[in-house]
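Just below is one structure, and these are the notes that go with it.
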Amino acid sequence: MSVAATDLSLRAQEAKAQLDAQVREIVQWHFNPETGCPFWLDFASKLGWDPRRDINSFEDLRKFPPFEDEWLRGGPVRRWLPRGLEGKPIFTFETGGTTGVPKSRLQIEDFRTDYEMFSETLPEEFFPRGANWLMLGPSGPRRLRLAVEHLCQYRGGICFCVDLDPRWVIKLIKWGESEALDEYKAHVIDQAITVLGAGHDIKCMFTTPKLLEALAEELENRGTSINESGITGIFAGGTEFTPQYTRFAMEELLGPGVYLTPTYGNTLMGLACSKPVTPEDGYKIAYYAPQPRAVIEVVSFNDRDLVVGYGETGRVRLTTLTRETFIPGFLERDEGEREEPCDKFPWDGVSGVRPFSKLAAQTTVGVY
């Protein structure tokens, strides 16, 4: 084994030890009658065993029964508030709402912490501190708008936002209203171009793949480009980030001088960063969760507790481990390939993220 491989192996062992310690701390917190939330305290009373005694490692979380999607839908949402955090200002964030009642997550500081951690991964050359940002993505009850705004403020800038309701986009798609959909997209892009041209010295931006392409095309129609508008750094999220799209974005939409970093995130997990995307690696995008606060596993389609081999395909399973939120083994609506640990992130990752094939036909992706 090479020196580099040995070093990575040791760092992977250290990361696993940190993860197990995080699991023990978070389980003790959420199942302690003095600090836990009503949902988990009631849940534990029906288990027949004591999580605080029997959960000592990440693997032990498999002792819990499957976490049900429906538990996060509807109210009362305060059943998720840990008693140890009562009295603090509370945010409630919703998922996209593509199917039925949206899933909700209470947060106090998690969204800030997640994006402060992400901030440390941004290259200063393209995301200069003090720079102003444009938030060109979903607004409303999603955490993304406030999270990006906090990221900008944390780095010393001012964030400019557009109005965008992805649920309206989803309805237009379902109704087959392609003309109205194009008009709404044009309305959103016009808001963004107006802000970019207003002299606010905006250098950084969050957006989604579809909106990035629409923005680049409209700027080109107006005789300019993303680069010429002053943008130097873009972080974007969405399952449309394929190697083909990333190559197209970097070579055709952006060109030299604009840095693009794909991310994979949601209301429940936070933000999974990608290792640097390069032509040498075929523009492959591999995402790594912000361990030990969240963990991504790629599990068998037929056995939710069986992690697939490296390079093999499976469904994304998410575990959230913070004092605000404990969610063990949540099956996402995504699938992908399991990736090996890397130098920057010494734990498993996932690549090729896309809608779970068995659910894709039932889901409208919309602006994402």
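The values are calculated or read from the model by the stated rules, or taken from the named source; none is laboratory data. Given the structure is predicted, the values throughout are model-derived calculations rather than measurements. Cβ atoms come from the backbone with ideal geometry, glycine included; neighbour counts cover every protein chain shown. Surface areas here come from the heavy atoms of the whole protein model, side chains and all, with no ligands, DNA or RNA. Shrake-Rupley method; radii C 1.70, N 1.55, O 1.52, S 1.80 Å.
Annotations
- Of everything listed in (1) of a type outside the set (D, E, K, R); (2) open to solvent by less than 40 Å² (accessible area, probe 1.4 Å); (3) within 30 Å of Pro33 (Cα to Cα); (4) assigned to a loop (DSSP other than H, G, I, E, B), the single unmet condition for Ser139 is (3).
- When the range 181-221 is filtered for residues that are under 17 Å from Leu253 (Cα atoms), out of contact with any Ser or Thr (no Cβ under 9 Å at 6 or more places or on another chain) and not hydrophobic (A, V, I, L, M, F, W, C), the ones remaining, listed by number, are Thr207, Thr208, Lys210, Glu213, Glu217, Glu218, Glu220, Asn221.
- Near pairs, Cβ below 6 angstrom, 6+ apart or cross-chain, from the range 315-329 (crowded, with 22+ Cβ neighbours inside 10 Å) to any residue that is of a type in the set (Ser, Thr, Tyr) and assigned to a strand (DSSP E or B): Pro328/Thr319
Each row is one residue, and each column tells you yes or no for (1) out of contact with any Asp or Glu (no Cβ under 7 Å at 6 or more places or on another chain); (2) at pLDDT 90 or above.
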position	(1), (2)
Ser45	yes, yes
Glu68	yes, yes
Gly74	yes, no
Glu94	yes, no
Val101	yes, no
Ser119	yes, yes
Ser139	no, no
Leu151	yes, yes
Tyr154	no, yes
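- Among the candidates Phe67, Phe111, Phe126, residue that is outside any loop (DSSP other than H, G, I, E, B) and not hydroxyl-bearing (Ser, Thr, Tyr): Phe111
- Residues of the range 228-245 that are touching a Pro at 6+ places or on another chain (Cβ under 9 Å) and at pLDDT 95 or above: Thr232, Gly233.
- Considering the range 290-314, and only residues there that are within 29 Å of Glu109 (Cβ to Cβ) and either surrounded by fewer than 21 Cβ atoms within 10 Å (Cβ to Cβ) or in contact (Cβ under 8 Å) with a residue 60 or more places away in the chain (or both), the residue that is farthest from the chain's Cα centre (by Cα) turns out to be Pro292.
- Conditions (1) without any contact (Cβ under 8 Å) to a residue 60 or more places away in the chain; (2) assigned to a helix (DSSP H, G or I): number failed by Gln22: (1)
- Meets criteria (within 24 Å of Arg333 (Cα to Cα) and touching a residue at least 24 places away in the same chain (Cβ under 8 Å)) for Gly74: yes
- Hits in the range 256-300 - residues which are of a type in the set (Gly, Ala, Ser) and touching a strand residue (DSSP E or B) at 6+ places or on another chain (Cβ under 9 Å): Gly265, Gly270, Ala272, Ser274, Ala286, Ala289, Ala294, Ser300
- Tally, over the range 261-270, of residues that are open to solvent by 10 Å² or more (accessible area, probe 1.4 Å) and either touching a helix residue (DSSP H, G or I) at 6+ places or on another chain (Cβ under 6 Å) or among the β-branched types (Val, Ile, Thr) (or both): 2
- Failed condition for Ser357, given (1) open to solvent by less than 20 Å² (accessible area, probe 1.4 Å); (2) out of contact with any Pro (no Cβ under 9 Å at 6 or more places or on another chain): (1)
- Elements of the type helices (runs of 4 or more DSSP H) sitting completely within the range 143-253 and holding at least 1 residues that are open to solvent by 40 Å² or more (accessible area, probe 1.4 Å) and over 30 Å from Gln107 (Cβ atoms): these cover 166-175, 178-196, 209-221, 243-248.
Residue-wise test of (1) open to solvent by 20 Å² or more (accessible area, probe 1.4 Å); (2) not charged (D, E, K, R).
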residue: Asp7; (1), (2): yes, no
residue: Phe39; (1), (2): yes, yes
residue: Glu68; (1), (2): yes, no
residue: Gly84; (1), (2): yes, yes
residue: Lys103; (1), (2): no, no
residue: Gln107; (1), (2): no, yes
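- Selected residue (criterion: nearest to Trp347 (Cα to Cα)) from residues of the range 52-66 that are hydrophobic (A, V, I, L, M, F, W, C) and out of contact with any Pro (no Cβ under 6 Å at 6 or more places or on another chain): Phe58
- Boolean, Phe118 is in a helix (DSSP H, G or I) and either touching a helix residue (DSSP H, G or I) at 6+ places or on another chain (Cβ under 9 Å) or basic (Lys, Arg) (or both): yes
- Those residues of the range 42-64 which are farther than 20 Å from Asp305 by Cβ and in a loop (DSSP other than H, G, I, E, B), in sequence order: Lys46, Asp50
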